[in-house]
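Chemist: Structure in structure tokens, see below.
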Amino acid sequence: MGTTRWLNDEEQRTWRAFLAATQRIREELDRQLQRDAGMPLAYYQTLAMLSEAPDRTLTMSQLARITRSSASRLSHAVAKLESRGWVKRTQHPADHRTTLATLTDEGFATLEEAAHGHVEQVRRALFDHLTPERTEQLHAICRAVLEGTTEGPPPE
């Protein structure tokens, strides 16, 4: 066991501010989506990632990686989305061990309707508090942190 590299005062303040800010933003986004679209943030993110994929389809593994979700948590979420008619799961035609998730037309329409309120809430919760320069700095910081993970940063 090595020596613990304790946080100095500035790092501790930064860490606590980061935790508080990210928690507040996630809670505000989740509350707005629940209220206005009847879905949690995790479902919205799943629908959004599928909407950006070719043919609005990803393997469940790809979707888990992109949404940074565990396989079991994603499977549960997709089952809920499927029961609402927003996502359809099928076997991959070339590999029957692989499951594909596809955003349905109904799911896409639901996402489009929810997107207007969601983006306004994102602006209120985050970007309205930042200058363009701070937005660039935040992006660079987030990319640097994500590059240090095994999954690496998501595509731009």
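Chemist: With a cap of 16 neighbouring Cβ atoms within 10 Å, and only residues DSSP puts in a loop, list the trypsin sites (Lys or Arg not before Pro) found in segment 60-156.
Modeler: R68, R84, R97
Chemist: Continuing with the same structure: Antiparallel versus total DSSP beta bridges in segment 57-124: what percent is that, nearest 5?
Modeler: 100 percent
Chemist: Same structure again: Where only protein heavy atoms count, and the probe is 1.4 Å, what is the accessible area per residue for the chain in Å²?
Modeler: 70 Å²
Chemist: Something else about it: If one computes the Cα centroid of segment 92-150 and of segment 16-87, what distance in Å separates the two points?
Modeler: Here the two parts' Cα centres lie 9 Å apart.
Chemist: In Å³ and rounded to a whole number, note down the convex hull volume per residue for the Cα atoms of the chain.
Modeler: Looking at the chain, the number lands at 156 Å³ per residue.
Chemist: Next question, about the same structure. Using 1/(1 + (r/R0)^6) with R0 = 35 angstrom and r between the beta carbons of A20 and H96, what's the FRET efficiency to the nearest 0.05?
Modeler: About 0.15, to the nearest 0.05.
Chemist: Sticking with this structure for a sec: Based on alpha-carbon atoms only, what is the radius of gyration of segment 85-151 relative to the globular estimate 2.2 N^0.38 Å?
Modeler: Relative to the 2.2 N^0.38 Å estimate, segment 85-151 comes out at 1.68.
Chemist: Are there chymotrypsin sites (Phe, Trp or Tyr not before Pro) in segment 1-55 that DSSP puts in a loop and that have at most 11 other Cβ atoms within 10 Å, and which ones?
Modeler: Here the sparse-neighbourhood loop sites are W6.
Chemist: Is the C-alpha gyration tensor of segment 17-103 telling us rounded, prolate or oblate? Criteria: a/c under 1.5 is rounded; beyond that, a/b larger than b/c is prolate, otherwise oblate.
Modeler: In terms of gyration-tensor shape, prolate.
Chemist: Continuing with this model, one more query. Pick from L19, L63, L100 the residue whose mean-square fluctuation is largest in a GNM of the chain, springs joining Cα atoms under 10 Å.
Modeler: Top of the fluctuation ranking is L19.
Chemist: First measure r as the distance between the Cβ atoms of V145 and T3, then evaluate 1/(1 + (r/R0)^6) with R0 = 25 Å and state the FRET efficiency to the nearest 0.05.
Modeler: With a Förster radius of 25 Å, E is 0.60.
Chemist: Using a probe of 1.4 angstrom, how much of the accessible area of segment 11-63 is carbon and sulfur, in percent?
Modeler: 53 percent
Chemist: With springs only between Cα atoms under 10 Å apart, run a GNM on the chain and tell me which of T14, T46, T98 wobbles the most.
Modeler: Answer for the Gaussian network model of the chain: T14.
Chemist: What does the net charge come to around L58 if you take all other residues with beta carbon closer than 10 Å to its beta carbon, with K and R at +1 and D and E at -1?
Modeler: After counting each charged neighbour, the total is 0.
Chemist: Rounded, prolate or oblate: which one fits segment 11-60, using the alpha carbon gyration tensor with axes a ≥ b ≥ c (rounded when a/c is under 1.5, else prolate when a/b beats b/c, else oblate)?
Modeler: oblate
The values are calculated or read from the model by the stated rules, or taken from the named source; none is laboratory data. In this text the structure is predicted, and so the values were computed from the model without any measurement. Cβ: placed from backbone, ideal geometry, glycine included. Neighbour counts: every protein chain shown. Areas reflect the complete protein model, heavy atoms only, side chains present, ligands, DNA and RNA absent. Shrake-Rupley method; radii C 1.70, N 1.55, O 1.52, S 1.80 Å.
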